[in-house]
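The values are calculated or read from the model by the stated rules, or taken from the named source; none is laboratory data. The shown structure was predicted, so the numbers you read here are calculated from the model rather than taken from an experiment. Positions of Cβ are generated from backbone atoms using ideal geometry, with glycine treated the same way; all protein chains shown enter the neighbour counts. Ligands, DNA and RNA are excluded from the accessible area calculation, which covers all protein heavy atoms including side chains. Shrake-Rupley method; radii C 1.70, N 1.55, O 1.52, S 1.80 Å.
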Amino acid sequence: MSNSSVRYIVIIVGVLFFQLIVLNRLNISQNILPLIYPIIVLTLVRNINGSLLLLIGFILGYVMDVFSNTGGAHAVACTVLAFLRPFFLSSIGPMDMGSDQIQPSIISFGIKNFAVYSFFLLAIHHVVFFLLEVFSFNNFPNTLLRIISSLLFSWVLIMALQFLFNGRKR
């Protein structure tokens, strides 16, 4: 295994551990559930094989489902995120931006482009996840409030993580 593969596996385990042990138990409000684990799919290398991307998205969501007891909602939301990611990346710029190994971040995309990219994909993830979790439109205003508040909190956390871990590389 290469050094970068081992590093990325450690990052995946660390993010999942932080999500499952800290954020899933964090009781900020009844309406806020911070979900930062999609950052793993968002920041995979740009030209990754599409099948591998879908597989990683599904496995990541499945692991979250097993430990969160959410019955497949994370797996579906993360797979949809992985499916839509190439379309959003192609709208930001050409797929051959100099290297096959470009990793989406605030460094490679710029703050504005990464913020827009991560916000829209995270919004799709949250809409799919929370609608599947509730699986009803009976109390839709409350579900919409949960989607918006969790989305904003998660997006701020993801941007903070980007600044924390990529800010020093500038």
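Some points to look at:
- Positions within the stretch 28-77 being open to solvent by less than 40 Å² (accessible area, probe 1.4 Å), assigned to a helix (DSSP H, G or I) and hydrophobic (A, V, I, L, M, F, W, C), in sequence order: I39, I40, V41, L42, L53, L60, M64, A73, A75, A77
- G14 vs. criteria exposed (fewer than 15 other Cβ atoms within 10 Å of the Cβ) and out of contact with any Phe, Trp or Tyr (no Cβ under 8 Å at 6 or more places or on another chain): yes
- Pairs with Cβ under 9 Å, 6+ apart, first in the stretch 1-21 and farther than 20 Å from D65 by Cα, second of a type outside the set (F, W, Y): M1/I9; S4/Q101; Y8/I40; Y8/L44
- From V45, V76, V134, residue being under 15 Å from the mean Cα position of the chain (by Cα) and at pLDDT below 95: V45
- Number of residues in the stretch 1-42 that are under 18 Å from R146 (Cα atoms), at pLDDT 85 or above and hydrophobic (A, V, I, L, M, F, W, C) equals 5.
- Of all positions in the stretch 39-54, none carries a residue that is under 19 Å from T143 (Cβ atoms) and touching a residue at least 24 places away in the same chain (Cβ under 8 Å).
- Out of L55, L89, sole residue that is at pLDDT 95 or above, of a type in the set (A, V, I, L, M, F, W, C) and farther than 23 Å from I148 by Cβ: L55
- Exactly one residue out of N139, N166 is of a type in the set (S, T, N, Q), more than 21 Å from L16 (Cα to Cα) and either open to solvent by 30 Å² or more (accessible area, probe 1.4 Å) or touching a helix residue (DSSP H, G or I) at 6+ places or on another chain (Cβ under 7 Å) (or both): that is N139.
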